[in-house]
Amino acid sequence: MEAGYITLNMAPSGSTAKVKGLTSNGNIRRRMLDLGLVMNTDVEVLQKSPSGDPTAYHIRGAVIALRSEEASKILVEINPIV
Amino acid sequence: MVLTSRSTGPGVLRNSINTGHEAAGTFTIALAGNPNVGKSTIFNSLTGLRQHTGNWPGKTVANARGKYRYGDREFILVDIPGTYSLSASSVEEEVARDFICFGEPDATVVVADATCLERNLNLVLQTLEITDRVVVCLNLMDEAERKHIRIDLKKLAEKLGVPVIGTSARSGRGLPELMEAIYSVAVGRIKTKPLRITYDDIIEKALKRVEPYLFNLTGGKVNSRWVSLKMIEGDSSILNTLQEYLGYDLLKDRDVTGELRSARQGLWGINSDGARDMIVSGIVNTAENIFRDTVSLEHRDYNSLDRKIDSILTSRIYGIPVMIGLLGVIFWLTLAGANYPSEVIAAFLFHIEDLLTAFFTWAGAPQWLYGLLVRGMYRTLAWVVSVMLPPMAIFFPLFTLLEDLGYLPRIAFNLDNFFNKACAHGKQALTMCMGFGCNAAGVVGCRIIDSPRERLIAIITNNFVPCNGRFPTLIAIIAIFIGGRVPGVFGSFVSTLVLMGIVVLGVAVTLLVSAILSRTVLRGVPSSFTLELPPYRRPQVWRIIVRSVLDRALFVLGRAAAVAAPAGLIIWLLANIKIGEYSLLSHGALFLEPFARLLGLDGYILMAFIIGFPANEIVMPIIIMSYMSTGSILELDSLEALRQLLVSHGWTWLTAVSVMLFSLMHWPCGTTLWTIRKETGSAGWTLISFLVPTLTGIIICFTFARVVHLLRLI
């Protein structure tokens, strides 16, 4: 993992992060790309579900829930708070 | 048993690409779009068909088709599965892609959500790569206006190179313009100039090498640029379909494979994942640019209300209590509201019976014919209608209201972790919800789950939520043994709690059995899935009432009546044909008695469940009919009379609870099993779907009865 990057499941609720890479491959990678999770896409972390997983994310105008299993395969960089 | 794609059956979706070109002069139009953008509403408005629309992804899985006329032409509209992409990473996507590409539609309409354009452009752009003849229908313009999202339709059309029509399908706005645009594109009056995405240099260079060969080989029958792209990104599924379509294997052609290989080398060692990244990035970035140039948001936080609602409905603290509370309110309204209309309808129908009796007497009909038709068939039918119609007429609109608001995906979101722990699919929560309406519908709904393993788990366990045919049994028993015993408003409150307890138990058993299945016969880890939480929509209350009463309640009732009438006839015969001292029904009941006792039931009750196989809603009528010495259903003039009848036949609270438990957990009804056979394509899995709930019910009822007896609670 490159310095400064964390996986999306580690990003706290309320933060916004930039996609820096996907560590999945094959079908799952394709699905993530189809969601619009390409390089430098901004993702806003909304909230976790009542039992802690999955988490809802705001991605390119849509709200998508990802299980931490999938989110842990997305490398991101937390955006500084403006 | 081996899990093969054949035995688990998404194959049923992959019905060969039938274009449906019926007559000359008839146009075939493909209707594509993301899930949940009102695609089905557009389909229904144009064709006049009533296909149920739902606010969750994947409602349309097979290709539904309908006709309409416009101008001098006839159009066949093919509703293809709602997808976010055409990359064929799921069966639905493959079906959608194959139809657009090989179904030879005269035009493809892509329905997009105006409130979420950037995401929807992904599908639009992918479609434009496959075919030139596209019309973009930007639906939900009313919602966009409400959120102050301004879209420059003219500029969007210029950028995309195809007609863009703004619509609000629910109110019919923009539909005439849409039909006109479809007509113009189909007859070729409008020549489209679809946007061609320029990809990364490396991809473009590879394309230049491969495409000319493919163009020659396919003779322009398919879009060679797009096929080349798919080959560069190493999409193997397209090759199979192409082989079927063209009649030969492209990879056997040495020129193509040679060019492909050198093109791949030209990608400087980038593997197919890398190539795909570049291609998808090209599409996503193009979508972002178009979105930025054509859409202006007056309020940056246009979604803030949705987020606020979500922060309550899916919050850690309130999420699950609110969910249970909503369920409780729906049940309470159904239970409390259904009482009075039930009585009115019963009074009316039994009045008609009196008239029928008078008629039969006047006509001098023989006694057996009167018994058969009136006391057998008519009474069962009357019972089913008066007991089932009011709860359904209340329950369905309320449930549809939640659906239309967009709440069901939130239920899936709240419950996902439980399903994850059971190694099942998150969307199983959705198919479970569909099961409340009808388990057969729930089983069909399981098509939204791609993984064959998880799909089977969802199918096998769907029966653990009480369907609409079983609610009347539960409601009747609760009303007789609980509601009627506790006075006033408090009675319906306690009844609601009991009904909720049953439903929660059903959900718990669903999870438990799912977990057991995925650790035994259907071993495996949960597959990846993404769940969209669509924007909340303002529901159209009047439409919901009309639609859910007409389309759902009457449909289910019609089915029940179709089964109840002949069943009533058979029951009457069984109860009236005597061998020796007892009727056939009694013989059966006596035979079942010892086993039924172990489950806290009696022989007649178990017999009723067995005869009720075609439709669960006739279980209570059969029990009552069996108890009546006259051999037909008594008049349901009061719940107290009914209670006394049951008590005099040895019912205790244990019997009541056992009947409810067994009603929740026993074999699926005939229709559901038949649907399971069709969906799984396997007699083995159908048998398992029969055995799992049956054995679960037997074990739980047996244990419960034992414990009650051991603790001397009765």
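The values are calculated or read from the model by the stated rules, or taken from the named source; none is laboratory data. The model shown is predicted, which means the values in this text are computed figures rather than measured ones. Backbone-built Cβ (ideal geometry, glycine too); neighbour counts: all protein chains shown. With ligands, DNA and RNA removed, areas are computed over all heavy atoms of the protein, side chains included. Shrake-Rupley method; radii C 1.70, N 1.55, O 1.52, S 1.80 Å.
At a Förster distance of 30 Å, what's the computed FRET efficiency of residue B:158 paired with residue B:221, Cβ-Cβ distance as r, to 0.05? Efficiency for this residue pair is about 0.50.
Surface exposure of chain B, expressed per residue as accessible area with a 1.4 Å probe, stands at 40 Å². Specify the angular offset, from 0 to 90 degrees and rounded to the nearest 10, of the alpha carbon long axis of helix B:254-266 from the longest principal axis of the alpha carbons in chain B. The angle comes out at about 80 degrees. Counting, for every residue in B:409-418, the Cβ atoms of other protein chains within 10 Å of its Cβ and taking the mean gives 4. State whether chain A is rounded, prolate or oblate according to the following rule on the C-alpha gyration tensor (a ≥ b ≥ c being the square roots of its eigenvalues): a/c under 1.5 gives rounded; otherwise a/b larger than b/c gives prolate, and the remaining case gives oblate. Rounded is the answer for chain A, as its axis ratio a/c remains below 1.5.
Taking a threshold of 23 Å on the Cα-Cα distance, which of the pairs A:48/B:427; B:208/B:230; A:20/B:159; B:155/B:193; B:155/B:208 fall above it?
Too far apart for the 23 Å limit: A:20/B:159; B:155/B:208.
The accessible-area loss of the range A:15-44 on complex formation, taken against its chain alone with a 1.4 Å probe, reaches 30 Å² or more at A:29, A:30, A:31, A:33, A:34, A:35, A:38.
Once the chain from residue B:72 to residue B:543 is taken as fully extended at 0.36 nm per residue, the excess over their C-alpha distance is 166.4 nm. Overall, the accessible surface of chain B at a probe of 1.4 angstrom is composed of carbon and sulfur to the extent of 63 percent.
Compared with the dominant principal axis of the Cα atoms in chain B, helix B:488-517 is inclined by about 60°.
Once you have a ≥ b ≥ c as the square roots of the Cα gyration tensor eigenvalues for the range B:187-285, tell me rounded if a/c is under 1.5, and otherwise prolate or oblate according to whether a/b is larger than b/c. It comes out oblate by the Cα gyration axes. Using a 1.4 angstrom probe on protein heavy atoms only, the contact between A and B buries about 3500 square angstrom of accessible area, both sides summed.
Does chain B come out rounded, prolate or oblate by the C-alpha gyration tensor, with a ≥ b ≥ c the root eigenvalues, rounded set by a/c under 1.5 and, if not, prolate when a/b is larger than b/c and oblate if not?
In terms of gyration-tensor shape, prolate.
Roughly what angle does helix B:639-648 make with the longest principal axis of chain B, taking Cα atoms, 0 to 90 degrees, to the nearest 10? That helix lies at roughly 70 degrees to the long axis. Approximating the spin labels as points 7 Å out from Cα along Cα→Cβ, the residue B:593-to-residue B:358 distance works out to 4.3 nm. Taking each residue as 0.36 nm, the span from residue B:204 to residue B:579 lengthens on full extension beyond its C-alpha to C-alpha distance by 126.5 nm.
Shielding of peptide B:306-319 by partners, expressed as the average count of other chain Cβ atoms within 10 Å per residue Cβ, is 3. Once the Cα-Cα distance is subtracted from the 0.36 nm per residue extended length, the residue B:236 to residue B:293 segment shows a gain of 17.0 nm. For residue B:67, the lysines whose Cα falls under 21 Å of its own Cα, not counting residues fewer than eight places away in the same chain, are B:39, B:59. Ordering of B:538-549, B:505-516, B:298-309, B:157-168 by packing is B:157-168, B:505-516, B:538-549, B:298-309, highest average first (other Cβ atoms within 10 Å, averaged per residue). As a length-normalised measure over Cα pairs under 8 Å and 6 or more apart, the relative contact order of chain B settles at 12 percent.
Dipole of the protein assembly as shown computed with +1 at Lys/Arg Cβ and -1 at Asp/Glu Cβ about the Cα centre; of B:641, B:478, B:125, farthest Cα towards the positive end is B:478.
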